[in-house]
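The values are calculated or read from the model by the stated rules, or taken from the named source; none is laboratory data. Since the structure is predicted, the reported quantities are computational estimates derived from the model, not experimental observations. With ideal geometry, Cβ positions are generated from the backbone for all residues, glycine too; neighbour counts draw on all protein chains shown. Note: accessible area is taken over every heavy atom of the protein model, side chains too, but ligands, DNA and RNA are not part of it. Shrake-Rupley method; radii C 1.70, N 1.55, O 1.52, S 1.80 Å.
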Amino acid sequence: MVRVNFLPLLAVILTVAAEAATDQPLLHIKVEREERAKVIGLAQQLETVCPTGGALHIGNSESGGNPDDWQIAFRWDQSPKQKEPSADREKTKPDPWPRVSASAGDAEKVRATLLEAAGDSFGGEPGADWQIATLAGKKHAVEIVFPGPQTGISKARQFRVARRFVSLLMRELGMRTSDEKTFRAGIFEGRVLGNYDAEGVGYGGSTLLDRAVDETSLEARVLPMCPEDIREGALAGAAGVMFPGGSGKAIAKALRPEGVEKVREFVAAGGGYYGVCAGAYFANSGLPEYAALLPLKHHQPWRKGKGMLKVALTEEGKKLLGNEFAEFETRYNCGPVFTESPADSPEKQVTVLANFASAVSDNEGTLHSEMVGTPAILSGRWGKGRVITVSPHPESHTELSPLVARAIALSLGLDPASIRNKDGAKQTRPEY
């Protein structure tokens, strides 16, 4: 009998396997952006993009010693935030294209990949003066610096372009066989709220809703979404969607009819809808392009002014939103006013949770007393889903975060009674 020693052969096999593993591409990504604990930021979104070959590392440590490893850094401009321009929004809107730097040998590849990732998200190609700077001393590296949070700049769209850029680059490196445009299923583990963050949203609107969820005991995570995400069906994995203040007409325009229909289908199938100010306009039937989730039309003229006013909860509102908020003061900014009371039309299946208890004046000094006693917070149904609309801006005030979170919980079909501010939540001035 001949004995064969397989140990040398096994050693050779293990050595070859180790070398092969070392040759596998490693994509190392840094996301230099802080998010609230309950917000699903870019780093968490990228963690669900699983490579079929090689490895994806997301963090702040340096990548391995393989010189062929790729390094990507996503950063945001930390220049001061720009308040919402009052007149010429389009002319004052900053350039949405990021500043890009790349290792010299990869500049053209990075440019082509970023343009493909962006598509028409930023309104076409960048200007002729848009150049990619060179990262000296790097073999395969790219740095992408997005404009910071400003009116007209969509964080959700920036995240989308970054996701697509990574997915496309992984495909080019042989780490994936295809790219993907929208979110992977792993994003929607647990209860997720889509938060619309794009055209039609005023300065800080989506951020204030992030805060209301994060600083309370509402068990949900928030996922920023742009119109492209919604049109591609991203809402299908969410429990609810939130639309902040801004312009309801501009929201509808950005979503396009197919996006508006996606919202309607989502709510009809059982999804929750929470809309504040512009989000309340978008949910009503005042314009043909609106979602028409509530069979109500807002009163004209819609520009009724802005300022602090009083809101009083109805008896039903006290039961659901909390007796401690029986009457509260809040910021108002031209939110919808419904002078046709839903109580006059029971077939509309709309419940009033709060009424305006005081009025504001418009720019001409006209006091719009007709709004007193009309609905400020409404609850309705669309198909299997629940719709909550809020005309003023309680999310602007930290002390009202439990009220906001309870209203969001109602849209999800949850019992709002237990929702409170988390321990240590700061009482800060209203954010505008």
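Of everything in the stretch 283-309, what is outside any loop (DSSP other than H, G, I, E, B) and more than 26 Å from Glu364 (Cα to Cα)? Give them in sequence order.
Ala283, the sole residue that qualifies.
Quickly run through the stretch 310-329 and pick out the residues that are open to solvent by 80 Å² or more (accessible area, probe 1.4 Å), under 14 Å from His397 (Cβ atoms) and in a helix (DSSP H, G or I).
If the condition is that a residue be open to solvent by 80 Å² or more (accessible area, probe 1.4 Å), under 14 Å from His397 (Cβ atoms) and in a helix (DSSP H, G or I), then Glu324 is the only one that fits.
List the helices (runs of 4 or more DSSP H) inside the stretch 153-234, counting only whole elements, that have at least 1 residues being touching a Pro at 6+ places or on another chain (Cβ under 8 Å), farther than 21 Å from Gly54 by Cα and not β-branched (Val, Ile, Thr).
Helices (runs of 4 or more DSSP H) meeting the threshold: 155-172, 205-214.
Out of (1) surrounded by 21 or more Cβ atoms within 10 Å (Cβ to Cβ); (2) modelled with pLDDT of 90 or more, the odd one out for Phe183 is which?
Unmet for Phe183, out of (1) surrounded by 21 or more Cβ atoms within 10 Å (Cβ to Cβ); (2) modelled with pLDDT of 90 or more: (2).
Looking at the structure I just gave you, is Glu34 assigned to a loop (DSSP other than H, G, I, E, B), modelled with pLDDT under 95 and either small (Gly, Ala, Ser) or within 30 Å of Ile187 (Cβ to Cβ) (or both)?
Yes; evaluated as a whole, the condition is true for this residue.
For every residue, the table says whether it meets (1) under 14 Å from the mean Cα position of the chain (by Cα); (2) open to solvent by 10 Å² or more (accessible area, probe 1.4 Å).
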residue: Arg160; (1), (2): yes, yes
residue: Val166; (1), (2): no, no
residue: Glu189; (1), (2): no, yes
residue: Ala250; (1), (2): no, yes
residue: Glu258; (1), (2): no, yes
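Give me the pairs: first residue in the stretch 286-304 and of a type in the set (Gly, Ala, Ser), second residue surrounded by fewer than 16 Cβ atoms within 10 Å (Cβ to Cβ), beta-carbon distance under 7 Å, and six or more apart or on different chains, which are they?
Qualifying pairs under 7 Å: Ala292/Ser285.
Of all residues in the stretch 291-305, how many are open to solvent by less than 20 Å² (accessible area, probe 1.4 Å) and in contact with a helix residue (DSSP H, G or I) (Cβ under 6 Å, 6 or more places away or on another chain)?
Qualifying residue count, the stretch 291-305: 3.
Looking at Gly380, is it within 17 Å of Leu294 (Cβ to Cβ) and either buried (at least 16 other Cβ atoms within 10 Å of the Cβ) or without any contact (Cβ under 8 Å) to a residue 12 or more places away in the chain (or both)?
So Gly380 fits the description; yes.
Scan the stretch 338-357 and tell me whether some residue there is acidic (Asp, Glu) and open to solvent by less than 70 Å² (accessible area, probe 1.4 Å).
Looking through the stretch 338-357, none of the residues is acidic (Asp, Glu) and open to solvent by less than 70 Å² (accessible area, probe 1.4 Å).
If I filter the stretch 260-282 down to residues being in a strand (DSSP E or B) and not aliphatic (A, V, I, L, M), which single residue comes out as surrounded by the fewest Cβ atoms within 10 Å (Cβ to Cβ)?
By that ranking, first place goes to Gly272.
From Pro375, Pro402, grab the single residue that is free of Cβ contacts under 8 Å to residues at least 40 places away in the same chain, crowded, with 24+ Cβ neighbours inside 10 Å and either closer than 19 Å to Val213 by Cα or in contact with a helix residue (DSSP H, G or I) (Cβ under 9 Å, 6 or more places away or on another chain) (or both).
Among Pro375, Pro402, only Pro375 is free of Cβ contacts under 8 Å to residues at least 40 places away in the same chain, crowded, with 24+ Cβ neighbours inside 10 Å and either closer than 19 Å to Val213 by Cα or in contact with a helix residue (DSSP H, G or I) (Cβ under 9 Å, 6 or more places away or on another chain) (or both).
Hey, among the residues in the stretch 127-151 that are within 24 Å of the chain's Cα centre (by Cα) and open to solvent by less than 40 Å² (accessible area, probe 1.4 Å), which one's nearest to Leu27 (Cα to Cα)?
Top of the filtered list is Ile144.
Can we say Tyr332 is over 24 Å from Leu414 (Cβ atoms) and outside any loop (DSSP other than H, G, I, E, B)?
For Tyr332, the condition - over 24 Å from Leu414 (Cβ atoms) and outside any loop (DSSP other than H, G, I, E, B) - is met.
Looking for something at pLDDT 80 or above, within 20 Å of the chain's Cα centre (by Cα) and open to solvent by 70 Å² or more (accessible area, probe 1.4 Å) - is there at least one such residue anywhere in the stretch 104-120?
Yes: one or more hits.
Give me the pairs, please: first residue somewhere in the stretch 134-149 and closer than 23 Å to Pro94 by Cα, second residue anywhere and among the basic types (Lys, Arg) and open to solvent by 40 Å² or more (accessible area, probe 1.4 Å), beta-carbon distance under 7 Å, and either six or more positions apart or on two chains.
Glu143/Arg75; Val145/Arg75; Val145/Arg99; Gly148/Lys81; Pro149/Lys81
In the stretch 56-95, which residue that is within 19 Å of Gln45 (Cβ to Cβ) and assigned to a loop (DSSP other than H, G, I, E, B) is modelled with the highest pLDDT?
Once the filter is applied, the top-ranked residue is Gly59.
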